[in-house]
Structures are given as C-alpha cells and as structure tokens.
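Enquirer: Submitted below is the structure of interest, expressed as structure tokens.
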Ligand code: AMP
Ligand code: GLY
C-alpha cells in the first residue's frame, strides 16, 4: 500500500516512524514533511491546504491511504473534496469530513453537541456581537475565573482564562467587536472554570467501531511549573498515573460511547482520530475540548506505546472493520521533551544548524527542521525536536528524554526540565 501523510510536525514524523515499520507499507510520502521524515519517506513540496495539489500528488504517486495530520485541511473540507471527485473515490482517508470536523472547528457546535448528548462538560453560553450587551452583563454574575473561548480555529490561542470581571469583559469586547482572532472570534463561548487535573484520551473510529489509544498528558506552558505563555506543547507523558482503570472506564462510558453515538445520530460517519481533552474533577471526567486529529506532542508518546501494526489498524479504520483487529498496548512509559527555538512562542530565529540530533537510547522526532544549502539539518520552526524516552519506569523515561534534550545542540535552544516530574510526585 502507498501511503501519504499530510503535515510537517513531530506528530507526522511519529506517524512516519511507526508506518515505516509496517510490512504493509510499500511507498511512504509526507507532504510537506521535515528533515526527519526525509529519512523514512519521500517528502513532497505540497501544501496540505491546496486540495487540488494534494489530489494531483495522490493520483501521480498511486496513493491508497492518506493520513491527515493537522486540523486545518479537515475543517476546510479535504475529505468532502476527495469524496466529490470520481477519480479520487477509491482513496482511503483517515480524518473526518467537514461535518465531523466541526467538533474542533466550532466550539459552539461542540458545546451544543455535548449538551444534546449528555456528555459531561463545563456549563456554558455562547454570545455574538448582536448579544454583546447581554454577554457583558452575564459575565457580571459569573463566578471567577471565567473561561472565554473563540468559536473557531485560533491556532491554540483562542482560550482566555480571565481572573477578573474587567479582563473577561475586555476579552469579550476584543473578540466580538475588536476582531481579535478574526472570524474565529465572531462567537464567544463563556464557560465555567473547572478545577482538576488534565489529560487527553485518543479514539480511533471507523464510523461504527472504535479503539481507545493510550492516554497522555501534555505540558502546554512555555515555562517550568506551568508558567508563562501557552505553546503548542512542550512535552508529553503516557500513561498518566491519575487515569486509573476506573477513571478510564468512566471516560469510555460517559464520554467515548455517547460521543460516537451522537455523531451517528447527527448522520456523521466519523472515520479518523478523536482527541478528547479532559479534566479529571474528583475522579469524574469532563470534556474540555475535542480535536479531530492526533495531538502534537502527544502522538510522540502514544504511537511508541502501540505494539500492533499501525497500517493494519488504519486500513481497517478506513474499511470499517476495526472490530476485527487487535490493538496491543505496551505497559512501558513514554516521555517526550520538546526542544524549541529561543523566543518561542513569540518571535524566534530559524536556520540554526542542529548538532548531535542522532542519539541512541531515545527516538528523536523532528518538528520544525529542514535542510540548508549544505544539506545540514537546521531549525525551521518554534518547536524543533521531540525527544522520546521509553522505559519500564517513569523516572527512567524522563531521564532518557531529558538527557537527549540536554545533548542536542543548536543556538538558542530551550526546553523544560520538569516534564513528567509532577507525575513522579503525584499523590491522590
Ligand atoms: P484549549 O485550547 O481548549 O485546549 O484550552 C486551552 C487550555 O485552557 C486547556 O488545556 C485548559 O488548561 C484550559 N481550559 C480550557 N477550558 C477550561 C475550563 N472550562 N476550565 C479550566 N480550564 C480550562
Ligand atoms: N498538544 C495539543 C494539541 O495538539 O492540540
């Protein structure tokens, strides 16, 4: 089978790494890919938001299966585009259609969906510019802190946690009147603040059947002890100690099953990954958000724990026969530390030569990397490399991951030294 992965981050390198191990993968392509995927696959200089160009590439390279890594093309309707073209009908796609992608593409949609199907989530209300005055006065009676979310895709920046009423009202005006986040902020979801510990659960759905993948915890803030600006993710750990089997059973019964049943009731045949961001509030799961793809850097700890052949799982997903395939999960612990460019998530420089990026004892996933004119590997983004350590204990996995993050060198590198330490110390 010829396989194409769309995307260029650590997530896509992790997919390429796992798929390249499969005897069922003939030729592997990544578009556009990075310096890491170039080791395992053929990188193609195609933008994943240019559906015509993706279609041409798929036909030219006789691709059978496409894995859509990021949310943007899914929310933009790449699956619907393929379905409408008779010459592309045979191509199997891992990712939902536009209707299914609303779970991530519109917070208002996903909140209504959860309310309709009784899925536990923070209480919320949605406001638009027409209901601004009502919204501002609603905030006055809301308990602090107040969570405000831009409805649409805002590159991970659309969530504001306001500690004061004045901040909340300003944030609401910024979005509804000031045009902050553009169209994505035309609707604002105001939400109750949940106190608990966060983790994510990943589901692979073929539209009828599902498999629950290993859970993970990520570290979103740039600074140690979860301080400073939000980022795409500075590290991740799987498994998560506070997600015991009792809690995960509740997630399956109260969240996963009603989510998939709800999608079916809405007439959505959901084929692909669902990433469920959860808050564990006193051992009860609440959904913070859905994403319609895998997480980054969560994929860099989830896929290394899947022992089964990924191509078999994905082919069954596309065919609707997931119930016939077994998925084996390793009991080992995986920890990834993301090494970033100095200045990220604000401005940072690119083009720094990366030394010592081939390391023993860890799996090095490339994110923002490329080649310079001398074919040296150089930095090409904020998040540069994800160092995944795998071991029998959390302590050893952390140690391997951190040692690799320490060893790799490029000008201005930065990483968090505390990935996983909260879990080592965790007590109920
Ligand atoms: P999101 O972009 O939806 O992942 O939200 C970013 C972060 O905001 C989440 O990872 C949580 O840490 C936090 N967050 C979002 N919604 C809530 C909520 N209702 N209560 C507490 N924290 C929240
Ligand atoms: N690491 C969070 C995400 O992929 O959305």
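The values are calculated or read from the model by the stated rules, or taken from the named source; none is laboratory data. All values reported here derive from a predicted model rather than from experimental measurement. Here Cβ is always computed from backbone atoms with ideal geometry, including for glycine, and neighbour counts include all displayed protein chains.
For every residue, the table says whether it meets (1) over 30 Å from residue 289 (Cβ atoms); (2) buried (at least 18 other Cβ atoms within 10 Å of the Cβ).
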| site | (1), (2) |
| --- | --- |
| 43 | yes, yes |
| 46 | no, yes |
| 66 | no, yes |
| 76 | no, no |
| 84 | no, no |
| 87 | yes, no |
| 98 | no, no |
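Enquirer: What single numbered condition from (1) within 30 Å of residue 78 (Cβ to Cβ); (2) surrounded by fewer than 18 Cβ atoms within 10 Å (Cβ to Cβ) fails to hold for residue 141?
Expert: (1)
Enquirer: Okay, moving on. Go through (1) surrounded by fewer than 16 Cβ atoms within 10 Å (Cβ to Cβ); (2) in contact with a helix residue (DSSP H, G or I) (Cβ under 8 Å, 6 or more places away or on another chain); (3) free of Cβ contacts under 8 Å to residues at least 12 places away in the same chain for residue 208 and report which single condition fails.
Expert: (3)
Enquirer: Condition check: within 16 Å of ligand 1 (Cβ to nearest atom) and surrounded by fewer than 19 Cβ atoms within 10 Å (Cβ to Cβ). Does residue 229 satisfy that?
Expert: It is true that residue 229 is within 16 Å of ligand 1 (Cβ to nearest atom) and surrounded by fewer than 19 Cβ atoms within 10 Å (Cβ to Cβ).
Enquirer: For a quick check of your reading of the model, give me the residue pairs whose first member lies in the stretch 270-290 and is within 25 Å of residue 83 (Cβ to Cβ) and free of Cβ contacts under 8 Å to residues at least 24 places away in the same chain, whose second is more than 11 Å from ligand 1 (Cβ to nearest atom) and assigned to a strand (DSSP E or B), with beta-carbon atoms closer than 8 Å and at least 6 apart or on different chains.
Expert: Short answer, once both residue conditions are applied: none.
Enquirer: Sticking with this structure for a sec: Looking for whichever is surrounded by 14 or more Cβ atoms within 10 Å (Cβ to Cβ) and either within 16 Å of ligand 2 (Cβ to nearest atom) or not in a helix (DSSP H, G or I) (or both) here; the options are 278, 248. Which one fits?
Expert: Going through 278, 248 in turn, the sole match is 278.
Enquirer: On to the next question. When you check residue 125 against the structure, is it under 29 Å from residue 180 (Cβ atoms) and either assigned to a strand (DSSP E or B) or free of Cβ contacts under 8 Å to residues at least 24 places away in the same chain (or both), yes or no?
Expert: When the stated conditions are applied, residue 125 passes them.
Enquirer: Out of all the residues in the stretch 194-222, which are farther than 30 Å from residue 142 by Cα and either within 16 Å of ligand 1 (Cβ to nearest atom) or outside any strand (DSSP E or B) (or both)?
Expert: Within the stretch 194-222, 202, 207, 208, 209, 213, 214, 215, 216 meet the criteria.
Enquirer: Separate question: Being free of Cβ contacts under 8 Å to residues at least 40 places away in the same chain, in a strand (DSSP E or B) and surrounded by 24 or more Cβ atoms within 10 Å (Cβ to Cβ) is the filter here; which residues of the stretch 1-35 pass it?
Expert: Residues satisfying the conditions are 30, 31.
Enquirer: Is there a residue being within 16 Å of ligand 2 (Cβ to nearest atom) and in a strand (DSSP E or B) anywhere in the stretch 63-77?
Expert: Yes: the stretch 63-77 contains one or more residues that are within 16 Å of ligand 2 (Cβ to nearest atom) and in a strand (DSSP E or B).
Yes/no per residue for (1) in a strand (DSSP E or B); (2) more than 16 Å from ligand 1 (Cβ to nearest atom); (3) at pLDDT 90 or above:
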site	(1), (2), (3)
110	no, no, yes
132	no, yes, no
143	no, no, no
148	yes, no, yes
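Enquirer: Another question, then. Only residues that are at pLDDT 90 or above, within 16 Å of ligand 2 (Cβ to nearest atom) and under 20 Å from residue 153 (Cβ atoms): list them for the stretch 170-202, please.
Expert: 200, 202, listed by residue number.
Condition check ((1) over 30 Å from residue 377 (Cα atoms); (2) in contact with a strand residue (DSSP E or B) (Cβ under 9 Å, 6 or more places away or on another chain)) across all residues:
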site	(1), (2)
9	no, yes
16	no, yes
23	no, no
81	yes, no
90	yes, no
96	yes, yes
